[in-house]
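The values are calculated or read from the model by the stated rules, or taken from the named source; none is laboratory data. In this text the structure is predicted, and so the values were computed from the model without any measurement. Positions of Cβ are generated from backbone atoms using ideal geometry, with glycine treated the same way; all protein chains shown enter the neighbour counts. Note: accessible area is taken over every heavy atom of the protein model, side chains too, but ligands, DNA and RNA are not part of it. Shrake-Rupley method; radii C 1.70, N 1.55, O 1.52, S 1.80 Å.
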Amino acid sequence: MNNNLLDKYCIDTIGFAVSKIGHIKKVTNRTIHVDWGHKVMIYMNKDFRWVPLSKEEIEKKYKKNKFTEDTLRRAAALGIVIQ
C-alpha cells in the first residue's frame, strides 16, 4: 500500500445498495485511515478490503438508485455528483 490511496474513496455496500462512502485521509506503512463521515476508522493494511476509487470512477460506476438518502447527502458533501 502506498500514498496513491490518499484522497481516494471507498464504497461499502449491502447487497447492491451503497451503505457508506469513505474518504481515505491518511496512509502509513501499517495503517490506512478512512473517514466514513460519522467516524474515522483506522485499518491495518492487511485488513483493508476496499477497492480505492477516484471521484470520477464513483460518478461513472454508481447510479442514483443505488444510494440511500444518507449516502446521497454524504456524496454531495464530498463533492461527488451522482446521476
When you scan the range 51-73, do you find a residue that is within 11 Å of the chain's Cα centre (by Cα), on the phi < 0 side of the Ramachandran plot, polar (S, T, N, Q) and in a loop (DSSP other than H, G, I, E, B), even just one?
yes
Report whether or not LYS25 is charged (D, E, K, R), at pLDDT 95 or above and in contact with a Leu (Cβ under 7 Å, 6 or more places away or on another chain).
no
Selection status of ILE14, surrounded by 13 or more Cβ atoms within 10 Å (Cβ to Cβ) and not polar (S, T, N, Q):
no
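Evaluate the range 66-77: report whether one residue or more is among the charged types (D, E, K, R), closer than 20 Å to ILE14 by Cα and touching a residue at least 24 places away in the same chain (Cβ under 8 Å).
Quick first cut of the range 66-77, residues among the charged types (D, E, K, R) only: 66, 69-70, 73-74.
Narrowing the set further to residues that are closer than 20 Å to ILE14 by Cα leaves 66, 69-70, 73-74.
Pick out the ones that are also touching a residue at least 24 places away in the same chain (Cβ under 8 Å) and you get 66, 74.
Yes, because at least one residue in the range 66-77 is among the charged types (D, E, K, R), closer than 20 Å to ILE14 by Cα and touching a residue at least 24 places away in the same chain (Cβ under 8 Å).
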Anything in the range 14-43 that is touching a strand residue (DSSP E or B) at 6+ places or on another chain (Cβ under 6 Å) and polar (S, T, N, Q)? List them, or say none.
SER19, THR31
Name every residue in the range 2-11 that is open to solvent by 90 Å² or more (accessible area, probe 1.4 Å) and either more than 18 Å from ALA76 (Cβ to Cβ) or of a type in the set (Lys, Arg) (or both), in order of residue number.
ASN3, ASN4
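From the list ILE11, ILE82, pick out the single residue that is at pLDDT 95 or above and either assigned to a helix (DSSP H, G or I) or not basic (Lys, Arg) (or both).
Numbers: ILE82 fails: at pLDDT 95 or above.
Only one candidate qualifies: ILE11.
In the range 23-38, which residues are at negative phi and either in a strand (DSSP E or B) or surrounded by 13 or more Cβ atoms within 10 Å (Cβ to Cβ) (or both)? Spell out how you get there, then give the answer.
Going through the range 23-38, the residues at negative phi turn out to be 23-36, 38.
Correct list: HIS23, ILE24, LYS25, LYS26, VAL27, THR31, ILE32, HIS33, VAL34, ASP35, TRP36.
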